[in-house]
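The structure appears right after this line, and notes come after that.
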Amino acid sequence: MQTNARDRLITALDVPSADEALALVERLGDAVSFYKIGMELVYGGGGLAVAERLVTAGKKVFLDLKLHDIPNTVERATAQVAQLGVHLLTVHGYPQTMRAAHAGRAGSGLKLLAVTVMTSYDDADLAAAGYAEGVAETVRRRAGQARDIGIDGLILSPHEAAAMRAALGPSMLLVTPGVRPAGSAVGDQKRVMTPGEAIRAGADHLVVGRPVTAASDPRAAAEAIVAEISANLTA
Ligand SMILES: O=C(O)c1cc(=O)[nH]c(=O)n1[C@@H]1O[C@H](COP(=O)(O)O)[C@@H](O)[C@H]1O
């Protein structure tokens with residue numbers, strides 16, 4: 001996977017319909033080369049067709065379905081996704097689930113990302129969900145398990161990126177949502193950094209939704225993030 005500045009921005013197409021998604025893609029034009037399609041667009045109808053259209057148009061596509069189920073179901077669902085031609089798929093970072101997805105994508109070009117700890121969670125949220133370990137330790141545990149199983153990359157916040165880069169080396173893809181350009185609304189995210197900070201922390205790709213899609217000029221917002229990425233890659 002290329003990692004020039006533009007390919008490092010993954011724009012989350014969190015809109016409810018294929019028509020809205022395609023209108024946004026049209027508006028963003030060549031400012032965006034990599035898209036994430038998630039549950040809203042898939043369940044809203046047409047998300048998978050949009051994914052296939054984007055692949056055909058030469059865009060990179062990350063299908064964010066966050067699979068988590070019994071192994072047989074995860075393996076078979078992953079095998080179906082592998083036939084779509086998309087580049088990345090998310091699964092939750094539980095060992096059974098990761099092993100099943102790894103088996104399901106065998107022989108395909110699909111890369112798997114394991115979700116470690118959602119970027120909307122802090123230590124208190126994990127404790128409320130019954131986890132004894134905090135965010136840093138849970139991310140570390142799941143990252144090590146993902147590496148041992150042969151998962152290609154991790155979803156984590158920029159706050160954990162430097163430690164995981166040091167622990168796991170250059171080949172593990174580090175993909176960070178929880179990215180907010182200076183001054184933009186944080187919303188429901190808790191572990192956030194700016195695009196420049198995330199790149200300097202070692203992220204390969206930044207997932208950005210609302211700061212682009214809800215901007216009055218989405219194309220300008222995407223270009224500004226790409227410029228910030230570029231400046232911090234070369235700094
Ligand atoms: O798997 C993801 O992409 C994901 C994991 C995570 O921990 N946090 C997170 O925000 N995301 C996704 O990244 C996108 C972030 O969107 P914004 O908060 O609008 O930038 C959304 O589509 C989320 O579903």
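Coordinate-derived values only; no laboratory data. Just so we're clear, the structure is a prediction, and the values are computed from it rather than from any experiment. Cβ placement follows ideal geometry from the backbone for every residue including glycine, while neighbour counts extend to all protein chains displayed.
Of the residues that sit in region 147-157 and are within 14 Å of the ligand (Cβ to nearest atom) and not in a loop (DSSP other than H, G, I, E, B), which one is farthest from THR176 (Cα to Cα)?
Checked region 147-157; the qualifying residue farthest from THR176 (Cα to Cα) is GLY153.
I want to confirm something. Restricting to region 34-51 and keeping residues that are among the small types (Gly, Ala, Ser) and within 16 Å of the ligand (Cβ to nearest atom), which single residue is surrounded by the most Cβ atoms within 10 Å (Cβ to Cβ)?
By that ranking, first place goes to ALA51.
In this structure, is VAL207 of a type outside the set (S, T, N, Q), out of contact with any helix residue (DSSP H, G or I) (no Cβ under 9 Å at 6 or more places or on another chain) and over 24 Å from ARG99 (Cβ atoms)?
yes
Run down ALA161, ALA114 and say which single residue is buried (at least 19 other Cβ atoms within 10 Å of the Cβ) and more than 12 Å from the ligand (Cβ to nearest atom).
Answer to the selection: ALA161.
Taking the options ALA79, ALA31, name whichever one is surrounded by 15 or more Cβ atoms within 10 Å (Cβ to Cβ) and over 19 Å from the mean Cα position of the chain (by Cα).
Being surrounded by 15 or more Cβ atoms within 10 Å (Cβ to Cβ) and over 19 Å from the mean Cα position of the chain (by Cα) holds for just one of ALA79, ALA31, which is ALA79.
Conditions: (1) closer than 24 Å to TYR35 by Cα; (2) crowded, with 18+ Cβ neighbours inside 10 Å; (3) in contact (Cβ under 8 Å) with a residue 24 or more places away in the chain. VAL139 meets all but one. Number of the miss?
Every condition holds for VAL139 apart from (1).
Do you know which residues across region 164-193 are near the ligand (Cβ under 8 Å from one of its atoms) and either without any contact (Cβ under 8 Å) to a residue 60 or more places away in the chain or in contact with a strand residue (DSSP E or B) (Cβ under 8 Å, 6 or more places away or on another chain) (or both)?
If the condition is that a residue be near the ligand (Cβ under 8 Å from one of its atoms) and either without any contact (Cβ under 8 Å) to a residue 60 or more places away in the chain or in contact with a strand residue (DSSP E or B) (Cβ under 8 Å, 6 or more places away or on another chain) (or both), then VAL175, PRO177, GLY178, VAL179, ARG180, GLY187 are the ones that fit.
With the checklist (1) within 14 Å of the ligand (Cβ to nearest atom); (2) of a type in the set (A, V, I, L, M); (3) closer than 28 Å to TYR94 by Cβ; (4) in contact with a helix residue (DSSP H, G or I) (Cβ under 9 Å, 6 or more places away or on another chain) in hand, flag the one item ALA221 doesn't pass.
(3)
Tell me yes or no: at least one residue of region 215-235 is surrounded by fewer than 18 Cβ atoms within 10 Å (Cβ to Cβ) and either touching a strand residue (DSSP E or B) at 6+ places or on another chain (Cβ under 8 Å) or under 25 Å from ASP125 (Cβ atoms) (or both).
For region 215-235, residues surrounded by fewer than 18 Cβ atoms within 10 Å (Cβ to Cβ) and either touching a strand residue (DSSP E or B) at 6+ places or on another chain (Cβ under 8 Å) or under 25 Å from ASP125 (Cβ atoms) (or both): absent.
Determine whether ARG105 is more than 14 Å from the ligand (Cβ to nearest atom), closer than 27 Å to GLY46 by Cβ and basic (Lys, Arg).
Answer is yes for this residue.
In the set LEU63, LEU54, LEU89, which member is part of a helix (DSSP H, G or I) and either among the hydroxyl-bearing types (Ser, Thr, Tyr) or buried (at least 18 other Cβ atoms within 10 Å of the Cβ) (or both)?
Answer to the check: LEU54.
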